[in-house]
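Undergrad: This structure is in structure tokens; I'll ask about it shortly.
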Amino acid sequence: MEKFNAIVIKEQEEELEYGVEQIDDSELSGGEVFINVAYSSLNYKDMLAVQKNGGVIRKYPMIPGIDLSGTVVESADPRFQEGQEVVVTGFEMGMSHTGGFAEFARVPADWVVPLPEKLSLRDAMVFGTAGFTAALSVMALEKNGMKPENDPEILVTGSTGGVGSVALQILSKNGYQKITALVRKDHQVEVAKSLGATNVIFPDNLGDVKKPLNREKYDFALDTVGGDVASAIIRQLSYGGSMSTCGMAGGIQLTATVLPFILRGINLLGIDSVNVPIEKRPEIWKNIANDWNISATALVNEISLDDVPAVIDAIKNGKHLGRTIVKCRIGP
Ligand SMILES: NC(=O)c1ccc[n+]([C@@H]2O[C@H](COP(=O)([O-])OP(=O)(O)OC[C@H]3O[C@@H](n4cnc5c(N)ncnc54)[C@H](OP(=O)(O)O)[C@@H]3O)[C@@H](O)[C@H]2O)c1
């Protein structure tokens, strides 16, 4: 097989170095399914992956990219056939197993989900890991009582980021009408409204973390930020309310007392997208492809492998909006 393009991260003494290189398939990690990658996507974790001590990559050199959609070229597992369209997110991809920022990838069959009907390879990565996580968060909140007919007050944080922007759109598409978006910058107000927010607030409006309880304001919260933001929300959840927590863009520390839990019966719902069991994934992707499919109106930017470093810098500098997908396959 001829050489092909991939982004490769290499470890130098002081820092990591990365860029597009020509590699051959012997440089890919092992697995039963060999895939021609159509699209990958950029996620917050990819930004961490290119930082020295970012805590994502476990060995070098490494091809980053924690998700992909593509077409099976060859499979040693009878569940997958040549020509089949598939999607892969999470597990060890882009961490200890070569990932999606390449024209080809090889992965274990146990990580692979058949692309659901009604979802194109491109749309699958408009969702990607961030959108899959947004879907998991909404599912967790709905399992804990959130329903459109109750007209709940919902708060979404990091609302113009990858997870938050998809979450806003899913909530709005599903008939929720009181969706507050937390943003940090003036220009994000209109963006959040265009994605379905009915109200927009800034961190200053969130209230402080001095008292263990503040006035009950939100029935449900979908948090991607963590830190002080999540700590403030815990104090404002209504009786019986729930907050899903998937991220740490604003810090890993939570400041809380048990009071909101034991006096208001609130729930904190942890969300992990990386190790969701493979048998549960087709159902989640089916939701995404059908009732929750917001790919036609998503805030999305398409780039090539060469453009990845610039967008990673934008994520690092808080200048990134919505989703960025990476077209890896050369040609249609
Ligand atoms: N648990 C999982 O499986 C899973 C899966 C996917 C993502 N995540 C995590 O979820 C988080 C969000 O991911 P993403 O892809 O949506 O990232 P993203 O696209 O970079 O968006 C991050 C968002 O958080 C906001 N933000 C950052 N720091 C903040 C702060 N101190 N206060 C308020 N808002 C702040 C940003 O606002 P600005 O635009 O103003 O900077 C942006 O809207 C990350 O921590 C990521 O690691 C977890």
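The values are calculated or read from the model by the stated rules, or taken from the named source; none is laboratory data. Quantities reported herein were computed from a predicted structural model and do not represent experimental measurements. Here the Cβ positions follow ideal geometry from the backbone for every residue, glycine too, while neighbour counts run over all protein chains shown. Accessible surface is based on the protein model in full, side chains and every heavy atom, while ligands, DNA and RNA are left aside. Shrake-Rupley method; radii C 1.70, N 1.55, O 1.52, S 1.80 Å.
Undergrad: In nm, to one decimal, how far is the residue 248 label point from the residue 174 one, both placed 7 Å along Cα→Cβ?
TA: 2.7
Undergrad: Right, another one. With Cβ to Cβ distances under 13 Å as the rule, what net charge do the other residues near residue 100 carry (K, R +1; D, E -1)?
TA: Result for the neighbourhood of residue 100: 0.
Undergrad: If the only charges are +1 at each Lys and Arg Cβ and -1 at each Asp and Glu Cβ, what is the size of the charge dipole of the stretch 51-143 around the Cα centre, to the nearest 20 debye? All intermediate terms of the calculation are to be shown ahead of the outcome.
TA: Details: 8 positive and 11 negative charges, 87 e Å.
It works out to roughly 420 debye.
Undergrad: Mean Kyte-Doolittle of at least 0.5 plus a Cα span of 15 Å or more along the axis: flag which DSSP H helices in the chain meet both, please.
TA: Values: long enough: 121-143 (29 Å, 0.86); 162-173 (17 Å, 1.04).
For the chain, where a helix must reach 15 Å along its axis and average at least 0.5, the hits are 121-143, 162-173.
Undergrad: If you don't mind, another one. 5 Å is the cut-off here: which amide hydrogens, built 1.01 Å from N in the peptide plane, fall below it relative to residue 32, excluding neighbours closer than 5 in sequence?
TA: 107, 109
Undergrad: I would also like to ask the following. Looking at the chain, send over the antiparallel percent of its DSSP beta bridges, to the nearest 5. Don't skip to the end; give the middle numbers.
TA: On the way: 31 of 56 bridges.
Given both bridge residues lie in the chain, the antiparallel proportion sits at roughly 55 percent.
Undergrad: For the stretch 93-99, just list the computed ³J(HN,Hα) in residue order, Karplus coefficients 6.51, -1.76 and 1.60, θ = phi - 60°, integers in Hz, with x standing in for Gly and Pro.
TA: So the Karplus estimates, Gly and Pro as x, are 4, x, 10, 10, 10, 3, x Hz.
Undergrad: Another question, if that's okay. Below 8 Å between Cα atoms, with a sequence gap of 6+, how large is the relative contact order for the chain in percent?
TA: 18
Undergrad: Next question, about the same structure. Arranged from highest to lowest average of other beta-carbon atoms within 10 Å per residue, in what order do the peptides 156-167, 10-21 appear?
TA: Numbers: 156-167: 29.6, 10-21: 12.7.
Averaged packing, sorted descending, gives the order 156-167, 10-21.
Undergrad: Which whole-Hz ³J(HN,Hα) couplings does the stretch 293-300 yield from phi under the Karplus relation 6.51 cos²θ - 1.76 cosθ + 1.60, θ = phi - 60°, glycine and proline marked x?
TA: Along the stretch 293-300, the couplings run 6, 10, 4, 5, 10, 5, 7, 9 Hz.
Undergrad: Just want to confirm a number: the relative contact order over the stretch 60-148, from Cα pairs under 8 angstrom separated by 6+ residues, in percent. Please list the in-between numbers first.
TA: On the way: 117 pairs, mean separation 27.1, N = 89.
Relative contact order comes out at 31 percent.
Undergrad: If you plug each phi of the stretch 70-75 into the Karplus form 6.51 cos²θ - 1.76 cosθ + 1.60 with θ = phi - 60°, what whole-Hz ³J(HN,Hα) values come out, in order, with x for Gly and Pro?
TA: Once rounded to whole Hz, the list reads x, 10, 5, 9, 7, 9.
Undergrad: Let me ask you something else. Once amide H atoms are built 1.01 Å from N in the peptide plane, which residues 5 or more positions from residue 201, or in another chain, come under 5 Å H to H?
TA: Excluding prolines and chain starts, which carry no amide H, the hits are 181, 182, 183.
Undergrad: Checking the a/c ratio against 1.5 first, then a/b against b/c, what shape does the Cα gyration tensor give for the stretch 254-322?
TA: Details: a/c = 2.38, a/b = 1.42, b/c = 1.67.
It is oblate, given that a/c is not under 1.5 and a/b is not larger than b/c.
Undergrad: Here is a follow-up. Would you rank 147, 316 by solvent-accessible area, highest first, keeping every protein chain in place and using a 1.4 Å probe? The partial results should precede the final answer.
TA: Values: 147 90, 316 115 Å².
Accessible-area ranking of 147, 316, largest first: 316, 147.
Undergrad: Give the residue from 8, 308, 285 lying farthest towards the positive end of the charge dipole for the chain; charges sit on Cβ (+1 for Lys and Arg, -1 for Asp and Glu) and the dipole is referred to the Cα centre.
TA: Final value for the positive-end residue is 285.
Undergrad: Could you sort 228, 313 by their accessible area in this structure, using a 1.4 Å probe and putting the largest first? Provide the component values of the computation, followed by the final result.
TA: Numbers: 228 105, 313 80 Å².
Largest accessible area first, the list is 228, 313.
Undergrad: Further question: In what sequence, highest mean first, do 179-190, 36-47, 274-285 appear when ranked by Cβ atoms within 10 angstrom?
TA: 36-47, 179-190, 274-285
Undergrad: Residue separation times 0.36 nm, minus the C-alpha to C-alpha distance between residue 194 and residue 259: what's the value?
TA: Details: separation 65, 0.36 × 65 = 23.40 nm, distance 3.63 nm.
Difference between extended and current length: 19.8 nm.
Undergrad: About the Cα centre, and with charges only on the beta carbon of Lys, Arg (+1) and Asp, Glu (-1), how big is the dipole of the chain? Nearest 20 debye, please. The partial results should precede the final answer.
TA: Values: 31 positive and 42 negative charges, 278 e Å.
It comes to approximately 1340 debye.
Undergrad: Next question, about the same structure. Of 246, 328, which has the most accessible area and how do the rest follow, probe 1.4 Å? Don't skip to the end; give the middle numbers.
TA: On the way: 246 40, 328 5 Å².
Descending order: 246, 328.
Undergrad: Under a point-charge model restricted to the Cβ atoms of Lys and Arg (+1) and Asp and Glu (-1), what is the dipole moment magnitude of the stretch 156-213 relative to its Cα centre, in debye to the nearest 20?
TA: Working: 7 positive and 4 negative charges, 29 e Å.
Approximately 140 debye in magnitude.
Undergrad: Local charge sum around residue 305 (other residues, Cβ-Cβ under 9 Å, Lys/Arg +1, Asp/Glu -1)?
TA: Values: positive: 327; negative: 103, 306, 307.
So the surrounding residues net to -2.
Undergrad: Of the heavy-atom accessible surface of the chain (probe 1.4 angstrom), what whole percent is carbon and sulfur? Show your work: numbers first, answer last.
TA: On the way: 7020 of 14480 Å².
For the chain, the apolar C and S fraction of the accessible surface comes to 48 percent.
Undergrad: How many angstrom lie between the Cα centre of the stretch 1-62 and the Cα centre of the stretch 157-192?
TA: 31
Undergrad: Summing Lys, Arg as +1 and Asp, Glu as -1, what charge do residues with Cβ under 12 Å from the Cβ of residue 1 carry, residue 1 excluded?
TA: Values: positive: 3, 106; negative: 2, 24, 25, 27, 74, 103.
Cβ neighbours under 12 Å give a net charge of -4.
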